[in-house]
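Read through the structure below, which is laid out as structure tokens, and then see the notes.
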Amino acid sequence: MSHDTIRKYDGPAGGWGALKSVAKHLGEQKIAISGAKTLLKANQPDGFDCPGCAWPDRDHTSTFEFCENGAKAVAAEATKFRAGPDLFAQYTVTQLAEYSDYWLEQQGRLTTPMRFDAATDHYVPVSWDEAFALVAQHLNALPSPDNAIFYTSGRTSNEAAFLYQLFVREYGTNNFPDCSNMCHESSGTALKKQIGVGKGTVSLHDFECADGIFIFGQNPGTNHPRMLGELREAAKRGAKIVSFNPLRERGLERFADPQDKLEMATYGSTKISSDYFQLKIGGDLAAVKGMIKHVLERDIEVTGNGGATLLDRDFIAEHTTGFDAFMADVLAESWDVIIEESGLDEAQIRRAGELYLSCERVIACWGMGITQHKHSVATINMVVNLLLLRGNLGREGAGACPVRGHSNVQGDRTMMIYEKPPAAFLDRLRDVFGFEPPREDGFDTVGAIEAMLDGRGRVFFGMGGNFAIATPDSDATARGLRSCALTVHVTTKLNRSHLVHGQDALILPCLGRTEIDIQAAGPQGVTVEDSMSMVHLSSGINPPASHDLLSEPAIVARLAHATLGARSKIDWLGMVEDYDRIRDAIAATFDDFHDFNTRVRVPGGFRLSNTARDRKWANPAGKAVFFACPVPTDNPIHRARRMHGTQPVFTLATTRSHDQYNTTIYGLDDRYRGVFGERRVLFANADDIAALGMKAGDWVDLESICDDGVRRQAPRFLLVEYNIPRGCLAAYYPETNPLVPLSSFADESRTPTSKSVPVIVTPHAADVGAHMPRQRDIPAAVVR
Ligand SMILES: Nc1nc2c(c(=O)[nH]1)N[C@H]1C(S)=C(S)[C@@H](COP(=O)(O)OP(=O)(O)OC[C@H]3O[C@@H](n4cnc5c(=O)[nH]c(N)nc54)[C@H](O)[C@@H]3O)O[C@H]1N2
Ligand SMILES: Nc1nc2c(c(=O)[nH]1)N[C@H]1C(S)=C(S)[C@@H](COP(=O)(O)OP(=O)(O)OC[C@H]3O[C@@H](n4cnc5c(=O)[nH]c(N)nc54)[C@H](O)[C@@H]3O)O[C@H]1N2
Ligand SMILES: [Mo]
């Protein structure tokens, strides 16, 4: 390990570093700067929707908004490298599995449908017709449609997602695990019961009007870089930006906008967070409850002295329920518990509460730091309780903002990629399409893995994504996938899931969003919905990576045709000739999509309705609900600490580096956290490192603690000193996914608890991980 691996980064997020990084990534993918024209079409009215994150665009008509990580996502898809049949002829599947995820990604775009040949352990080319016939044969041979699992990753367009759920429901199951189950499921679950819609309530306009933006567990500098533009404007205006994060994240501290010529020329930057609270991992519920306690105590004090109330009493009376019981619960909560569980002291929490009181219009944003804990749903309810106190919901400049991940993850759920479809929707499907859809709830992500392990899941079909390693408990998941009769992946690039396969296996290569999609009626566009419920068109501009690719809608239609044949009520092949027909079917199914084809052609698209935004409450209570939630003191972390009296048990948050898109590894650096050329790093507090009798630069092994008797280890991480509270650790996903127990998920939402894994740390022992495949990080260019 060279000592250049860890170098402190003092610069701002963005700036020249971001521009240099884009040039480097374009060069690595052999994309000429002239090809950067592709980048200029991202998020333009006549271009494609950026396949990066789900953050919305200013009007979808402004000049190109520079985004380093959007550029990397586009470059990864537009790469000049190809993973064609020659690659699969050169390597057996066993050999390919020895390479790292980074290496697999570097092989480039898949070009040809491939079928696994067990006799030779190679993937060999297969025709599309043979591929669909093989899937159809497997699906039609299953004892029940419920033995098949249909996964979706959140890049899939509305059109593809709608056709996919239509096919699967006509086939006969609701088994729709999706990436959302591991992502913002906790947000949807919490918001739906509390305010009646499972989505955020704000728009970009609200960001222009807010005077307080509270950010919980989100790292926009890396994961939503365009959000920094909004935060920068707000900061310049004097709005308070208050961050809650155990780690000091550079992007929450300072940002230099590459589009601001003066800032760039002068190496200037803007301070983003006015205040930064470094709470303990999982400490948000306690911290927010403490803030609320402060607000309520201050209100009692002020009104007791004859002053005006600090709360929005009219809003509380007219629009909410449960306030009195909630208030009694909060006032009874002990400061000792709040302090112990949040990791902040009373003065800090009171200051955070005071900051909230000082703002008239507050937006609360949150990300994976909030949604992936045992008590995530209750934590989100507590954040919304905070908003409700002063009517910060359903008015200009205020509201709830869960910041979504995948570019169309919200749209996929709107299209009912959902394992628990409501009855009214199923009735509608029946009435519009004339078949009786299945009524039983299906498997979510955790349920799908359990089903594969116990034999109920026999066929796995993945619409994008990387199920094998994005999911928890990698070893268990791999066993589940390997026990399937058939695994199929619709995909753009080679990834681990294609190598952890069933007895039969298919890789079906599809068009990416940047590419021109020609069907019988001519070039087609698709639609997506961003994190703020704006629906707009996306049309590719690049020639396809290979002549043998099909679009996702075409793959679904041809598969449905092959599987259901004459017993289907739907003209599958006709539907994909012209995507307007799919959109007409969507319009017939969802009232909110009336006149879909007309409305989506207006530049900028249209916004879906949101009852909570209009202060209408579509939950059973008919009101926004104040939920009294106890501060948890008996979650898996507490239990692991009790079980393990002798060694210190740490809380590990598994998170993203700057050079990855989920399981897609673009590079080995994490510039803002000062890590270069290495992904197996463990961020720890200096005092904890010393207390372990270790030093920064030592190699350690991790073992997670769970009471299910299974030993889960991840070997060989480089200890890195980091500004993080004691008892807390952070490391990258997916390297740490073998540590996340399948049985550990959030209450109600069943989201794996990947941000709070109880672990012990030991010096690296040579035999730990010896059974795991060696990972080689040789860049493609060197090997091939
Ligand atoms: N470039 C890039 N962009 C992406 C992605 C990517 O991988 N790369 N992924 C996309 C997807 S699918 C998603 S869901 C989003 C994810 O975007 P984020 O929500 O930002 O996800 P993470 O990076 O996993 O973690 C976010 C932050 O949570 C903090 N954190 C950890 N535990 C806690 C806690 O207990 N409390 C608090 N308050 N904070 C905590 C971490 O320090 C980290 O800063 O980004 C999307 N955009
Ligand atoms: N430990 C831990 N685990 C986590 C998380 C965490 O923070 N910690 N985060 C969770 C979250 S938030 C999420 S969203 C999931 C992500 O889980 P997934 O969505 O399953 O994973 P991705 O890595 O985003 O999927 C990448 C793959 O998608 C394919 N792909 C890319 N573009 C396209 C396309 O246009 N069409 C098709 N068909 N395929 C395409 C490529 O083959 C690529 O390899 O992981 C979850 N897992
Ligand atoms: Mo996500």
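Overview of values
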read-out: Sequence-distant lysines (8 or more away, or on other chains) whose Cα lies within less than 20 Å of LYS695; value: LYS8
read-out: FRET efficiency, 1/(1 + (r/R0)^6) with R0 51 Å, evaluated for TYR9 and HIS205 via beta carbons; value: 0.95
read-out: Cα-projected label distance for GLN519 with SER144, points at 7 Å along beta-carbon direction, nm; value: 3.4
read-out: Electrostatic dipole magnitude of region 211-312 [Cβ: Lys, Arg +1; Asp, Glu -1; Cα centre; debye, to 20]; value: 320
read-out: Calculated FRET value between THR633 and HIS764, using beta carbons and R₀ = 35 Å, to 0.05; value: 0.55
read-out: Among THR79, PRO752, THR379 - extreme Cα towards positive end, dipole of the chain, charges at beta-carbon; value: THR79
read-out: Over the chain: helical MRE at 222 nm, DSSP H runs n ≥ 4 each giving -39500 (n - 2.57), nearest 500; value: -10000 deg cm²/dmol
read-out: Paramagnetic label zone (point 7 Å from Cα along Cα-to-C-beta, ASP275; backbone N under 11 Å) in region 342-381; value: 347-359
read-out: Rounded to the nearest 20 debye, dipole of the chain from Cβ charges on Lys, Arg, Asp, Glu; value: 900
read-out: Over region 636-780, volume per residue of the alpha carbon convex hull, in Å³; value: 129
read-out: Whole-Å distance, taken between Cα centres, linking region 581-655 and region 671-712; value: 32
read-out: FRET E, pair LYS236, LEU262, Förster distance 22 Å, beta-carbon r, rounded to 0.05; value: 0.95
read-out: 3J(HN,Hα) from dihedral phi, region 616-622, Karplus parametrisation 6.51/-1.76/1.60, rounded to Hz, x for glycine, proline; value: 10, 10, 8, 9, x, 5, x
read-out: Assigned charges on the beta-carbon of Lys, Arg, Asp, Glu; region 185-407 dipole about Cα centre (debye); value: 660
read-out: The chain - Cys residues lacking any other Cys C-beta under 4.7 Å; value: CYS50, CYS53, CYS67, CYS179, CYS183, CYS209, CYS359, CYS484, CYS510, CYS629, CYS706, CYS728
read-out: Residue (of TYR9, LEU573, LEU204) at the positive-pole extreme of the chain, dipole from beta-carbon charges; value: TYR9
read-out: For region 456-501 and region 282-310, distance of Cα centres in Å; value: 49
read-out: Spatially near lysine pairs across region 185-407, Cα under 15 Å, sequence gap of 8 or more or different chains; value: 4
read-out: Backbone HN-Hα couplings from phi across region 253-260 [Karplus 6.51/-1.76/1.60, Hz, Gly and Pro as x]; value: 9, 9, 9, 10, 7, x, 8, 9
read-out: Descending Cα extents along the principal axes, the chain, whole Å; value: 79, 61, 57
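No lab work stands behind these numbers, since they all come straight from the coordinates. As the structure is a computational prediction, the values presented were derived from the model and not from experiment. When we count neighbours, we look across all protein chains shown, and the Cβ atoms used for this are built from the backbone with ideal geometry, even at glycine.
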